[in-house]
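See below for the structure under consideration.
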Amino acid sequence: MSTQAETRRAPHRTYRSFFLDSTQWQGFEPRPGDIVISTPPKVGTTWTQRITSVLVFQSTRLPATLMEISPWLDCVYVPAEDMLRTLERQEHRRFIKTHLPMDALPIHPEVSYLVVGRDPRDTAISAHNHGQGMNGMAGIRTHLTGEDVHSPVHPSVPQDIREHWHAYFTRSAFPWESDGWPFNSPTYHLHSWWSHRHEPNILFLHYQDMLDDLDRQMRRVSAFLGIPVDEELWPAMVEACRFRDMKAESHRIFAPGAISAAVAAFEFFHKGRNGQWQSVLTDEDLALYRAAMDPLPDDMRAWLTRSA
């Protein structure tokens, strides 16, 4: 009989920077039924966590802040030991946030993986808003040490959207990626999962599909996780996962501390819309985006951009 060590996939990339540390997953002990929500930044991470929360608890009420219930295990802003202790104490079906691609994670057959994609043009605009909001942390150096630490200092994101766009589509926080600055790459992230998308413990979600038909996408997640839909509770659960309700409940999403203080200074959930790039960018700007997309498989590029 195969052991867990023989059937799991070990990570073969290490991500360590001003905002994440993949080595913090080394202390993770999976339980059957665990859920990992894997997205690059600004692709609908918190949204997917909120959807998962109403399904797991069968309630719109959060028993604690979402950040406490669903830790971001590779986050450098919270001690890994604290997050691992939190996970060990949890009795509900656990769901964990990560911004790591597949090749930087330990992959376990008994764990379910939700992978979310979004058109990188929209991700870039959202990342600009987020970066502007987090500029108060610019210059802060991570506590991480070692030769494998890349981009150890929290960067300052330019105010000009086109200057940010150029940086976003020409470099990353990590030298083996080509886009996503100041964070990691949305194209590399999704590509790492793409060839595994038909595996039974992996479900792909698209941000635009969630905007267009949240009810249907939540039912897909429910079926994937094996959580039956209670039709009496369902309408309220869907409403709780819409942006207006999440904004109203933001105090229940973010735990007290440095992250909350930074988030309070700007609109974390922003507009929740796509297509904002169309009115502010030139053909020259969009050529940078196309260059970042060209190396991707045709079917992945079509899925990601919703093009034929």
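The values are calculated or read from the model by the stated rules, or taken from the named source; none is laboratory data. In this text, all values refer to a predicted model and were calculated from it rather than measured experimentally. No Cβ is skipped: glycine too gets one built from the backbone with ideal geometry, and neighbour counts run over all protein chains shown. Accessible surface areas use protein heavy atoms only, side chains included; no ligands, DNA or RNA. Shrake-Rupley method; radii C 1.70, N 1.55, O 1.52, S 1.80 Å.
Details
- Counted charge near Arg171, where neighbours are those whose Cβ lies closer than 9 Å (Asp, Glu -1; Lys, Arg +1): -2
- Residues within the reach of a label modelled at Thr14 (point 7 angstrom out along Cα to beta-carbon, backbone nitrogen below 18 Å), restricted to the range 160-202, are 173-177.
- Protection proxy ranking of 181-191, 47-57, 217-227 - average other beta-carbon atoms within 10 Å, highest first: 181-191, 47-57, 217-227
- The chain, accessible surface, carbon-and-sulfur percent (1.4 angstrom probe): 51
- Each DSSP beta bridge with both residues in the chain is either parallel or antiparallel, and the antiparallel ones are about 20%.
- Val36 long-range amide H proximity, modeled H, under 5 Å: Ile96, Ser112, Tyr113, Leu114
- Debye, to nearest 20: dipole size of the chain, +1 on Lys, Arg Cβ, -1 on Asp, Glu Cβ: 340
- Other-chain or far-sequence residues with amide H under 5 Å of Thr170's (modelled H): Gly180, Trp181
- Neighbourhood net charge (10 Å Cβ-Cβ; Lys/Arg +1, Asp/Glu -1) for Arg162: -4
- The helix-based estimate of mean residue ellipticity at 222 nm for the chain, built from -39,500 (n - 2.57) per DSSP H run of four or more residues and divided by its residue count, is -10500 deg cm²/dmol to the nearest 500.
- With each label modelled as a point 7 angstrom along the Cα→C-beta vector, the His92-Asp299 pair spans 3.6 nm.
- For Gly117, residues with placed amide H under 5 Å, excluding near neighbours: Leu205, His206, Tyr207
- When Thr145, Thr60, Thr123 are compared by accessible area of protein heavy atoms, the largest-first order is Thr145, Thr60, Thr123, using a 1.4 Å probe.
- In the full protein context, the chain carries 44 Å² of accessible surface per residue, based on a 1.4 Å probe and ignoring ligands, DNA and RNA.
- Evaluated over the Cα positions of the chain, the convex hull gives a direction-averaged projected area, one quarter of its surface, of 16.0 nm².
- The range 39-191 - Rg and Dmax from Cα coordinates, angstrom: 16.3, 47
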